[in-house]
Amino acid sequence: MDRGENAVSHAWVKPSEVFARGRALREAVRPKLHDHAALGADRPGAVEFVQASNAPRLQELVPLRVGRMLASPFAFFRGAAELMAADLAATPASGITAQICGDAHAANFGLFGTNEGRIVMDINDFDETAPGPWEWDLKRLAVSLVLAGREGGVDEDGCAKAAEDAVRAYRKTMNRLAELPFLESWNALADASTISKVKADELLDDFEKASKKARKNTSRKVAAKWTRQVERDHWRFVEELPVLRHVSEPTAAAVAASLDSYVSTLRETRRNLIRRYSVADVAFRVVGTGSVGLRNYLVLLHGNEDDALVLQVKQANPSCLSKYLDLPAHEHDGKRVVEGARLVQAETDILLGWTTVDGRHYIVRQFRNMKGDIDPTALRKDHLDDYGRLAGALLARAHCRSADPRLIAGYCGEDEELDEAVTRYAVRYADATEADHAALTAAVQRGELAAEIEDRD
């Protein structure tokens, strides 16, 4: 009888047999093969890629996106997940599929608050999430550490060491997770204690500073800073152009109405909670680097007395990885992002859900729930190295929730073959990214692309 993929009544498999399957895959595709060419044969040029990726965006915001990508090679890399997917499409892979982030660069690991008020760190961006080779996430992380280190003035040895230590931490963490009871590995959270476990003690001060800042980063603070009372019992966002602006009445009405269907996508225990609030205002806000030009709304909700909740309604397009992984179109890309986050993160936003506005797919989440970050470009050599170890460990924990850690551990092995191969690739790809960034800069200087440079002061 075929019990299907959801069956639990299958025969028990010895852990040693699962490890052996991983080792067999290692023999078929040796880890050293991940030291491959940086550029794919069919990849577009950097300028061609940027122009094509700008096409479906709000055109008035395209110069702002280009301006943000011009800031540095690391900034360009942050907006070029699809370009890297094109480069990785035909490269060697272990054959083990996980639910991957799809854009696991070093700045996409952040701090946020749990339901109990603890500050934890995890992957925090799932716009491109999809089932795919776990190696793609690991390589993107390694490359990003090299680029972040270069931007921050870390020497080449330090940049390479940060990348190598990230891969090593991934491998060793996966080995540890493979030996844990399933519930322990599934529920593992990363807080300040994790830093010592991965020997990233130099990062403790950075984590504590970011945690203190994150605890203050709440809807109440956003409402105090970005809204004002315009009449009795009515509040509105205050424009801060070009980043935050009012929307038309039809748009505000459509976004507000979409929250009715959003409620049904929440876990049942959260639905009564969100229904207690009422919508006070809707605004448009520009976010990120890769997301600039997509529709992104903030919704101000009024709660108990002066209680405020700010939700983010963010457009979700198909994952840029899909065409390179031969994946079918998803029924709803907001649902894809939410289900990916719920699978990968050990603790997700209790108000994370999805909706549709004017035929477009969106995710809905708290705009600020004690969110914070550690800027990898601002870290010194020893701190960047520790950040790499922490991020590598977090990535391993994320992958083990969708792929059997015993299988990946069997593939990764106990030697440094994978660490060294991915590091060499990461340095080579960082060089290629610098060349892509230079090509974009030259195109802007020639007038082929318009760029808006923000005043960050």
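If residue 107 passes every condition in (1) modelled with pLDDT of 95 or more; (2) under 12 Å from the mean Cα position of the chain (by Cα); (3) assigned to a strand (DSSP E or B) but one, which one does it miss?
With respect to (1) modelled with pLDDT of 95 or more; (2) under 12 Å from the mean Cα position of the chain (by Cα); (3) assigned to a strand (DSSP E or B), residue 107 is out only on (3).
It is to be established whether one or more residues within the range 34-56 are out of contact with any helix residue (DSSP H, G or I) (no Cβ under 7 Å at 6 or more places or on another chain) and among the basic types (Lys, Arg).
Scanning the range 34-56, I find no residue that is out of contact with any helix residue (DSSP H, G or I) (no Cβ under 7 Å at 6 or more places or on another chain) and among the basic types (Lys, Arg), so the answer is no.
Touching a Lys or Arg at 6+ places or on another chain (Cβ under 8 Å) and surrounded by 23 or more Cβ atoms within 10 Å (Cβ to Cβ): which single residue out of 111, 145, 138 fits that description? Break it down into steps so the answer makes sense when it comes.
Numbers: 145 fails: touching a Lys or Arg at 6+ places or on another chain (Cβ under 8 Å); 138 fails: touching a Lys or Arg at 6+ places or on another chain (Cβ under 8 Å).
None of the other options fit; the residue is 111.
Pick from 255, 337: which is under 30 Å from residue 70 (Cα atoms), touching a strand residue (DSSP E or B) at 6+ places or on another chain (Cβ under 6 Å) and either assigned to a helix (DSSP H, G or I) or modelled with pLDDT under 95 (or both)? Spell out the reasoning first.
Numbers: 255 fails: under 30 Å from residue 70 (Cα atoms).
Testing whether each residue is under 30 Å from residue 70 (Cα atoms), touching a strand residue (DSSP E or B) at 6+ places or on another chain (Cβ under 6 Å) and either assigned to a helix (DSSP H, G or I) or modelled with pLDDT under 95 (or both) leaves just 337.
Which members of the range 308-332 meet the condition of being without any contact (Cβ under 8 Å) to a residue 12 or more places away in the chain and assigned to a loop (DSSP other than H, G, I, E, B)? Working first, answer last.
Residues of the range 308-332 that are without any contact (Cβ under 8 Å) to a residue 12 or more places away in the chain, as a first pass: 323, 326, 328-329, 331.
Residues satisfying the conditions are 326, 328, 329, 331.
Within the range 295-308, how many residues turn out to be modelled with pLDDT of 95 or more and either of a type outside the set (Ser, Thr, Tyr) or not assigned by TED's automatic domain parsing to the domain that holds residue 255 (or both)?
Residues in the range 295-308 being modelled with pLDDT of 95 or more and either of a type outside the set (Ser, Thr, Tyr) or not assigned by TED's automatic domain parsing to the domain that holds residue 255 (or both): 6 in total.
What single numbered condition from (1) more than 17 Å from the chain's Cα centre (by Cα); (2) assigned to a strand (DSSP E or B); (3) under 17 Å from residue 251 (Cα atoms) fails to hold for residue 293?
(2)
Any residue at all in the range 394-401 that is part of a loop (DSSP other than H, G, I, E, B) and within 21 Å of the chain's Cα centre (by Cα)? Let's see the steps before the verdict.
We begin by selecting, within the range 394-401, every residue part of a loop (DSSP other than H, G, I, E, B); these are 400-401.
Next, from what is left, pick out any that are within 21 Å of the chain's Cα centre (by Cα): 400-401.
Yes, the range 394-401 contains a residue that is part of a loop (DSSP other than H, G, I, E, B) and within 21 Å of the chain's Cα centre (by Cα).
Just checking, does the range 224-241 include any residue being out of contact with any Pro (no Cβ under 7 Å at 6 or more places or on another chain), surrounded by 15 or more Cβ atoms within 10 Å (Cβ to Cβ) and either acidic (Asp, Glu) or part of a loop (DSSP other than H, G, I, E, B) (or both)?
From the range 224-241, those out of contact with any Pro (no Cβ under 7 Å at 6 or more places or on another chain) are 224-241; that's our starting set.
Among the residues that remain, those that are also surrounded by 15 or more Cβ atoms within 10 Å (Cβ to Cβ) are: 226-227, 235-237.
The next check asks that each one be either acidic (Asp, Glu) or part of a loop (DSSP other than H, G, I, E, B) (or both); those that pass are none.
No - not one qualifying residue is present in the range 224-241.
Does the range 376-390 contain any residue that is part of a loop (DSSP other than H, G, I, E, B) and either of a type outside the set (Phe, Trp, Tyr) or surrounded by fewer than 19 Cβ atoms within 10 Å (Cβ to Cβ) (or both)? Give the derivation first.
Taking the range 376-390 and keeping what is part of a loop (DSSP other than H, G, I, E, B), we get 379-380.
Next, only the ones that are either of a type outside the set (Phe, Trp, Tyr) or surrounded by fewer than 19 Cβ atoms within 10 Å (Cβ to Cβ) (or both) stay: 379-380.
Looking through the range 376-390, at least one residue is part of a loop (DSSP other than H, G, I, E, B) and either of a type outside the set (Phe, Trp, Tyr) or surrounded by fewer than 19 Cβ atoms within 10 Å (Cβ to Cβ) (or both).
Of everything in the range 266-289 that's out of contact with any helix residue (DSSP H, G or I) (no Cβ under 7 Å at 6 or more places or on another chain) and closer than 30 Å to residue 53 by Cβ, which residue is surrounded by the fewest Cβ atoms within 10 Å (Cβ to Cβ)?
287
The values are calculated or read from the model by the stated rules, or taken from the named source; none is laboratory data. Note that this is a predicted model, so its numbers are computed, not measured. Here the Cβ is made from the backbone with ideal geometry for all residues, glycine too, and neighbour counts use every protein chain on show.
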